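Undergrad: Submitted below is the structure of interest, expressed as structure tokens.
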Amino acid sequence: MKLACRVAFMAAVVVVVEALPLSAAPQGPQSSTPQPTSQQPAPATPQPTTQQPTNPPEEQKYEETVVVSASRTEEKLANAPATMSVITTRTIQQATSQNFAELLRPIPGINMTQASARDINVTSRGATGTLATGLLALLDGRSLYQDMFGFVMWDFLPVNLNEIKQVEVIRGPASAVWGANALYGVVNVITKSPREMQGTSAAFGVGAFGRASGEGTGPVWYASGTHAQAVNDRWAYKLSAGFYSQDPLSRPTGQIPCDRPEVCTVPTATYPAYTNSGTTQPKFDARVDYDYPDGALLSFTGGVSGTDGIMHSGIGPFDIQSGTVMGYGKATYTKKALRASFFTNILHGDAANLLARNPLNGQPIGFKFDTRTYDFEASNATPLGTHHVFNYGGNLRFNTYDLEIAPLADNRTEFGAYLQDEMFLSNYFRVTLGARVDRFDYLNAWVFSPRTALLIKPKDNQTIRVSYNRAYRAPSVINNWLATVIARPVDLRALGGPANYALPVNIVGNQDLTEQSLDAYEIGYSGVLPNRAVVSAAFYVNNVKEEILFTEDINGRYTAANPPANWPLPPAFINFIYAAGRTLPGRFTYDNFGRYVQKGFELGIDSPVNPNLNVFANYTYQATPDPKDFDLSELNLPPQNSFNIGLTFDRQRYLGNFSVGYTDNAFWQDVLDAPYHGTTKPYTLVNAGFGVRWGAKNRITTSVKATNLANQTVQQHVFGDIVKAQVVGELRVQF
């Protein structure tokens, strides 16, 4: 009976679909006859063309926009069985920052932190942190997720912004087709083919950003170039390169703030002093396409990206050294809906912790790393009669690791397969049922990820959705195999001891971890009003189970009967420390934490006032998580309220944008222990850009782009850097 009730509910389930700056015009109900399409369509007889600099083309209508991320095959955005936003080419061209992740900030439900010049983390519908582990990032379907630590390094995106066709964001669970780590959502960057961007272009930008009082301003500059050409009706290629450099941001000083008594359980410490770092990020990418006469496409891509700068973690900040690089190679074959591909990711680098030191020699904890990933995957879509389209596929992945702080980590093998049936019940109703199973050699059982969605479509551009999804995150290599010892400074002067005793703390992984899972229930609406405005609304409930968190192991605390090594006082003095409300932690590890509920809703409107002007606004509410069997202070707490409003314009020679984004206060507990946990204040970011096209056929574009125009002192994570105003002048040339 319970199974029957669950199946009945799953058949009633929905998803909300939302697009960022997209216009739309009403149309009638669409035909129920399924028509599968290919993920990367290619013309049967491609013809070389020459790209001519012109004004940007008119934006696609909402109901005409096609996405590939929701089901791993082409479908209209309005029919996707997942809550989605799309960032368009025009929005990307007018971005006010070269940090790719900043493009995601205006999307409803997205939580973002910039903790250093290079360290940006993104999570959907849940609190993010210094290592955001629950969002899967892809480049044309290739994973950018770093399995060693379980997070995304956005600076390893090897392409320039002008190469991006659109960015597809799934704002909710997506493990039913993408497998591990698509816990809270997916960001899939779709690039242009060589034939779509023929010609040569270059961009140069230089500017400055503010810092704390007395530190002056810091420089930022970047350069990029792209050349694409169709050699003939079969071969085409693209080459691109770029470089980005920024000086360090300011570090916060003084007492760590914490003004939420329900989670601020001990007196906070002062911010530790260390030398901050900026970032340099070179990159190179290449692609070669071969178009078969029958419409199939064979594509080879490869590239390399480098980075350096600060990466924050649970044991403090690591300074990634120059020479840290990630290279990749990929081969993809597509023919209609059939897609087969292979890719490899190779990451090599070195880092040193700026706070954690070895208690034996006093040297910083080092972190050399070398990881290799080899992935084989295939997918297809097949219609059955006139009422079903089946999407199916799978992948096999091999990983090898050589990690200084996890010396016993070696290799991992993963396998997964999925099947999805899109059922066309009538012109007005359709149901999506699907599931994926995955097997990992480091978990004890198969992982099952179902999905279902009921779509009610009174018109082609009107959709009511109810949905159920289950997703999961597998434990990372560091979660399982971390093994190091750090020295934590302790002031013992009140007891007659030294002012800076190096307390040895064991930092270890947990090989008994199980996967973190999420059951998501959602109801929503998206559609086009008669005045062409795209509106959306979504309410969701996420039930999270077995959250993997970095925490103190209270069984490992030092006591008078078990004092730390080289304890400089009589062991009995440890009792005085505990009597004063402080502890001597001896071990930190990762653990699965019970259950909690995260609820929220999102509202959005996007309206083209006329062909040259577009306005948008959205609001996100995220309730405080409700843990069922552990303390709230174990969780990062997301901002409760956030909103974005803005406009973009593009007319003749002139283009520009203006936006205001507000983010509420938040609580952070994911760095070190309780004295370093705290809250950040609400902040408002005012961003703007203005540009002018010049020369014959508008081949030259000059622009000024600014972020945080109000020059607020913005701290997005309690342990992160201070973000002030930044202004950049940019020159783009189409040769």
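Undergrad: Which of the residues spanning segment 508-528 are in a strand (DSSP E or B) and not aliphatic (A, V, I, L, M)?
TA: Gln516, Ser517, Asp519, Tyr521, Glu522, Gly524, Tyr525, Ser526, Gly527
Undergrad: Pick from Lys192, Lys238: which is basic (Lys, Arg), modelled with pLDDT of 95 or more, open to solvent by less than 10 Å² (accessible area, probe 1.4 Å) and over 30 Å from Tyr401 (Cα atoms)?
TA: Lys238 is the lone residue from the list that is basic (Lys, Arg), modelled with pLDDT of 95 or more, open to solvent by less than 10 Å² (accessible area, probe 1.4 Å) and over 30 Å from Tyr401 (Cα atoms).
Undergrad: Still on this model: Which residue pairs have Cβ atoms under 6 Å apart, sit 6 or more places apart or on different chains, and have a first residue in segment 707-730 that is at negative phi and open to solvent by less than 10 Å² (accessible area, probe 1.4 Å) and a second that is of a type in the set (A, V, I, L, M, F, W, C) and part of a loop (DSSP other than H, G, I, E, B)?
TA: Filtered contacts from segment 707-730: His717/Ala115; Phe719/Val671; Gly720/Ala115; Asp721/Leu249.
To keep it simple, each residue is scored yes or no on (1) out of contact with any strand residue (DSSP E or B) (no Cβ under 8 Å at 6 or more places or on another chain); (2) open to solvent by 10 Å² or more (accessible area, probe 1.4 Å).
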position	(1), (2)
Val505	no, no
Val508	no, yes
Gln511	yes, yes
Tyr521	no, yes
Val528	no, no
Ala537	no, yes
Val541	no, yes
Val544	no, no
Glu547	no, yes
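Undergrad: When you look at Gly661, is it of a type in the set (Gly, Ala, Ser), surrounded by fewer than 22 Cβ atoms within 10 Å (Cβ to Cβ) and free of Cβ contacts under 8 Å to residues at least 24 places away in the same chain, yes or no?
TA: no
Undergrad: Restricting to segment 206-226, give me the number of residues that are part of a strand (DSSP E or B) and open to solvent by 60 Å² or more (accessible area, probe 1.4 Å).
TA: Here the count works out to 3.
Undergrad: For segment 678-699, which residues satisfy the criterion of being open to solvent by 40 Å² or more (accessible area, probe 1.4 Å) and charged (D, E, K, R)?
TA: Hits for segment 678-699 are Lys681, Lys697, Arg699.
Undergrad: How many of the residues in segment 667-677 are at negative phi, crowded, with 22+ Cβ neighbours inside 10 Å and in contact with a Lys or Arg (Cβ under 9 Å, 6 or more places away or on another chain)?
TA: 1
Undergrad: Here is a follow-up. For Thr432, indicate whether it is open to solvent by 20 Å² or more (accessible area, probe 1.4 Å) and not in a loop (DSSP other than H, G, I, E, B).
TA: No: the conditions fail for Thr432.
Undergrad: Need pairs with beta-carbon distance below 6 Å; first residue under 17 Å from Trp446 (Cα atoms) and within segment 172-196, second of a type in the set (Ser, Thr, Tyr) and assigned to a strand (DSSP E or B); sequence gap 6+ or separate chains.
TA: Ser175/Ser449; Ser175/Tyr472; Ala176/Ser449; Val177/Tyr418; Asn181/Tyr145
Undergrad: Provide a single number: the residues in segment 69-101 that are under 28 Å from His312 (Cα atoms) and in a loop (DSSP other than H, G, I, E, B).
TA: The total comes to 5.
Undergrad: Hey, does segment 585-599 have a residue that's part of a strand (DSSP E or B), within 30 Å of Pro530 (Cβ to Cβ) and in contact with a Pro (Cβ under 8 Å, 6 or more places away or on another chain)?
TA: No, the conditions are met nowhere in segment 585-599.
Undergrad: Scan segment 631-639 and give yes if some residue there is part of a strand (DSSP E or B) and either out of contact with any Phe, Trp or Tyr (no Cβ under 7 Å at 6 or more places or on another chain) or basic (Lys, Arg) (or both), otherwise no.
TA: no
Undergrad: Among (1) among the small types (Gly, Ala, Ser); (2) open to solvent by less than 10 Å² (accessible area, probe 1.4 Å); (3) over 21 Å from Arg251 (Cβ atoms), where does Gly302 come up short?
TA: Result: Gly302 fails condition (2) only.
One line per residue, one yes/no per condition, for (1) at pLDDT 95 or above; (2) assigned to a loop (DSSP other than H, G, I, E, B); (3) at positive phi; (4) in contact with a helix residue (DSSP H, G or I) (Cβ under 7 Å, 6 or more places away or on another chain):
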| site | (1), (2), (3), (4) |
| --- | --- |
| Leu103 | no, no, no, yes |
| Phe149 | no, yes, no, yes |
| Pro158 | yes, yes, no, no |
| Val167 | yes, no, no, yes |
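Undergrad: Let me spell it out: the conditions are (1) of a type in the set (Phe, Trp, Tyr); (2) modelled with pLDDT of 90 or more; (3) within 22 Å of Pro267 (Cβ to Cβ); (4) not in a strand (DSSP E or B), and Tyr578 meets all of them except one. Which number is the exception?
TA: Going through (1) of a type in the set (Phe, Trp, Tyr); (2) modelled with pLDDT of 90 or more; (3) within 22 Å of Pro267 (Cβ to Cβ); (4) not in a strand (DSSP E or B) one by one, Tyr578 breaks only (2).
Undergrad: Something else: Output the residues belonging to segment 111-137 that are over 19 Å from Thr624 (Cβ atoms) and of a type outside the set (A, V, I, L, M).
TA: Passing the criteria: Gln114, Ser116, Arg118, Asp119, Asn121, Thr130, Thr133.
Results for (1) open to solvent by 20 Å² or more (accessible area, probe 1.4 Å); (2) in a loop (DSSP other than H, G, I, E, B); (3) in contact (Cβ under 8 Å) with a residue 12 or more places away in the chain; (4) over 30 Å from Tyr525 (Cβ atoms), shown as yes or no for each residue.
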site: Pro568; (1), (2), (3), (4): yes, yes, yes, yes
site: Arg582; (1), (2), (3), (4): yes, yes, yes, yes
site: Phe601; (1), (2), (3), (4): yes, no, yes, no
site: Asp606; (1), (2), (3), (4): no, no, yes, no
site: Ala617; (1), (2), (3), (4): yes, no, yes, no
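Undergrad: If a residue has to be open to solvent by 40 Å² or more (accessible area, probe 1.4 Å), of a type outside the set (A, V, I, L, M, F, W, C) and assigned to a loop (DSSP other than H, G, I, E, B) to count, how many in segment 255-285 make the cut?
TA: 8
Undergrad: Might you check whether a residue that is among the polar types (S, T, N, Q) and within 16 Å of Leu455 (Cα to Cα) occurs anywhere in segment 532-543?
TA: Within segment 532-543 (the criterion being among the polar types (S, T, N, Q) and within 16 Å of Leu455 (Cα to Cα)), the answer is yes, since at least one residue qualifies.
Undergrad: Residue by residue through segment 327-348, note down the ones that are surrounded by 20 or more Cβ atoms within 10 Å (Cβ to Cβ) and more than 30 Å from Asn380 (Cβ to Cβ).
TA: Of everything in segment 327-348, just one residue is surrounded by 20 or more Cβ atoms within 10 Å (Cβ to Cβ) and more than 30 Å from Asn380 (Cβ to Cβ), namely Leu347.
Undergrad: Among (1) crowded, with 20+ Cβ neighbours inside 10 Å; (2) touching a residue at least 40 places away in the same chain (Cβ under 8 Å), where does Thr324 come up short?
TA: (2)
The values are calculated or read from the model by the stated rules, or taken from the named source; none is laboratory data. Please read these numbers as outputs of a predicted model, since none were measured by experiment. Counting neighbours? That spans all protein chains shown, and the Cβs are built from the backbone with ideal geometry, glycine included. What goes into the accessible areas is simple: the full protein's heavy atoms, side chains included, and nothing from ligands, DNA or RNA. Shrake-Rupley method; radii C 1.70, N 1.55, O 1.52, S 1.80 Å.
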